[in-house]
Amino acid sequence: EWTPGAFVDMTVAELKEKIGDDKVVLGLSGGVDSTVAAVLLHKAIGKNLYCIFVNNGLLRKNEFDSVLDQYKDMGLNVKGVDSSSRFMDALAGKSDPEEKRKTIGGVFIEVFDDEAHLLEDVKFLAQGTIYPDVIESISVNGPSATIKSHHNVGGLPDFMKLKVVEPLRMLFKDEVRRVGAEMGIDPELLGRHPFPGPGLAIRILGDITPEKVRVLQEVDHIFIQGLKDWMLYDKVWQAGAILLPINSVGVMGDERTYEKVVALRAVESTDGMTADWVNLPYDFLQKISNSIINRVKGVNRVVYDISSKPPATIEWE
Ligand code: XMP
């Protein structure tokens, strides 16, 4: 019978054996998989694990600093690299969804390669790939959760010549969470909703500007904090807000307004391959809609997405 304790013991022993005294570099995302992979490796090789956490400027509000602090508290050797402006510059004027994804993947590889170059004698690249990623990377249209899927952008970067270590590649998400709990990782971190690699870029329909990112971060923060306050966060598999590329007419006092529309999305799912929209309480939606419209300048209308997957996808781009 599979138990998280036995998995941890066995994997730590295997990693020690395989890696010895060599150095390993790993990209942290703030998500469950890369974090659990990092903690397992840290247990096995300690300070020879070098983690890199890149701010692409498309994370949730305050996420870069808070997640970085959390990692440091966990004793991980992690370098935070704020490359927001590099991503923003590369994205300027781009509105096609696939072009946005490719641009972000490409810049990520450049940043990661620059950072990996600063480390000497690294032999291994560790990734938090889990079993469903292994399956999806075989299908053509699966989400590109890992850097692997972008590896034919230009020539092969230096870090890709490293030997790959993927300690979670045989596990499903719930097993990864159990392994994380076994190693004492904060349950709040382990319970985080999935969040796409391209971040808010695929929730801002059309082109990306720093101002749109700021507006969406505020909206998203109110929605996610609201779900937590109403004890709904753990009942939902994934939730987020989408900034639509249209303005609609509204009224404030005696003035006519012409401002942005945001959509809220919350889904139930087990693996993201299919998903149902969640029947959130009307009272909750009413409160959240009011807070968003009152507190976020530039937004005068909130709608709720009642589409399931298929045929709609979870993300709008
Ligand atoms: P869709 O929109 O395809 O999303 O129904 C299914 C799941 O995959 C996530 N997703 C991505 N994750 N890079 C990622 O790392 C991507 O480009 C990407 N696109 C979608 C999405 O958030 C959902 O959990």
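Taken together, the values in this text are just the output of simple stated rules run on the coordinates, not laboratory data. Note that the structure is a prediction, hence the values are computed from the model and not measured. Backbone-built Cβ (ideal geometry, glycine too); neighbour counts: all protein chains shown.
Annotations for the structure displayed:
- Shape metrics for the stretch 157-218, restricted to C-alpha atoms - Rg then Dmax, Å: 17.0, 43
- Projecting the Cα positions of S66, V32, F87 onto the charge dipole of the stretch 16-91 (unit charges on Cβ atoms of Lys, Arg, Asp and Glu, taken about the Cα centre) puts V32 furthest along the positive direction.
- Counting every C-alpha pair in the stretch 189-266, the share spaced more than 21 angstrom apart comes to 36%.
- Extreme residue, positive dipole direction of the chain, given options P281, G105, M231 (C-beta unit charges): P281
- Too-long pairs where the Cα-Cα distance tops 26 Å, listed order kept, from K102/K287; K16/K61; K16/K163; K123/K173; K94/K297: K102/K287; K16/K61; K123/K173
- Relative contact order computed over the chain (Cα-Cα under 8 Å; 6+ residues apart), in percent: 16 percent
- FRET efficiency for the pair R169 and S248, taken as 1/(1 + (r/R0)^6) with r the Cβ-Cβ distance and R0 = 51 Å, rounds to 0.65.
- Centre separation in Å (Cα based) which lies between the stretch 175-215 and the stretch 266-313: 17 Å
- When the Cα gyration tensor is reduced to axis lengths a ≥ b ≥ c, the ratio a/c is 1.5 or higher for the stretch 1-147, and with a/b above b/c it is classed as prolate.
- Based on alpha carbons, the Rg and Dmax found for the chain are 20.3, 72 Å.
- Per residue, the chain reaches -12500 deg cm²/dmol at 222 nm when only DSSP H runs of four or more residues are counted, each adding -39500 (n - 2.57).
- Most fluctuating residue given options G226, G180, G30, as computed from a GNM of the chain linking Cα atoms under 10 Å: G226
- Cα gyration tensor shape of the stretch 154-303, rounded if a/c is under 1.5, else prolate or oblate by comparing a/b with b/c: oblate
- At least 27 Å along the helix axis (C-alpha) and Kyte average at least -1.0, DSSP helices within the chain: 97-118, 210-229
- Antiparallel content of DSSP bridges confined to the chain, in %, to 5: 40 percent
- Computed from label points 7 Å out along Cα-Cβ, the spacing between S137 and E110 is 2.4 nm.
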